[in-house]
1. So the check is Cβ under 7 Å with 6+ separation or different chains; which pairs have a first residue in the stretch 42-70 that's buried (at least 18 other Cβ atoms within 10 Å of the Cβ) and a second one that's not in a helix (DSSP H, G or I) and not basic (Lys, Arg)?
2. Determine which member of the set 48, 55 is within 10 Å of the chain's Cα centre (by Cα), assigned to a helix (DSSP H, G or I) and under 15 Å from residue 102 (Cβ atoms).
3. Among (1) part of a loop (DSSP other than H, G, I, E, B); (2) free of Cβ contacts under 8 Å to residues at least 24 places away in the same chain, where does residue 85 come up short?
4. Residues being in a helix (DSSP H, G or I) and within 28 Å of residue 46 (Cα to Cα): count how many of those fall in the stretch 91-131.
Amino acid sequence: MTLPLWTLLVAGVLPYVWATVGSLYRKREFGNIDNSHPRLQQSKQTGAGARAHAASQNAFEVLGVYAPAVLVAHLLAPASELSARLALGWVVFRVAHGVLYITNQATARSVCFGLANVCVVLLYLVAAHLL
């Protein structure tokens, strides 16, 4: 399996990593995790816990953009080294995005978000043999 395909696994796991972090903060903030009404409890979270939950949600949202880009690049340019670098770059930026989100570094987080999106656009350009 190629590196870009492995990054799909990482992309699929990241939302759960941030959700786990959010749950740890939720337990700390409320003393327990309300498994009967978790979304209600999550909506009441503040600070780092709320940001971890938001990072998890955002990580789920970007899967719908990233996965097709990787798959199209893989199918149409399977030997591309640039594709592998872009996929790895996307993972680095998205991990940084989550960490920066949780630690409340909004500007740096937004930069990582933008750079990850640039990687996605470039993956499509690799697939189109424009890079």
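Read-outs throughout are calculated quantities, based only on the coordinates presented, and are distinct from any laboratory measurement. On a predicted model such as this, the values are computed, not experimentally measured, just so you know. Methodologically, a virtual Cβ is constructed for each residue, glycine included, from the backbone with ideal geometry; neighbour enumeration extends over all protein chains shown.
1. Filtered contacts from the stretch 42-70: 51/104; 53/45.
2. Values: 48 fails: within 10 Å of the chain's Cα centre (by Cα).
The unique qualifying residue is 55.
3. (1) is the only condition that residue 85 fails.
4. Initial filter on the stretch 91-131 (in a helix (DSSP H, G or I)): 91-102, 106-127.
So of that shortlist, the ones also within 28 Å of residue 46 (Cα to Cα) come out as 91-102, 106-117.
So the answer is 24.
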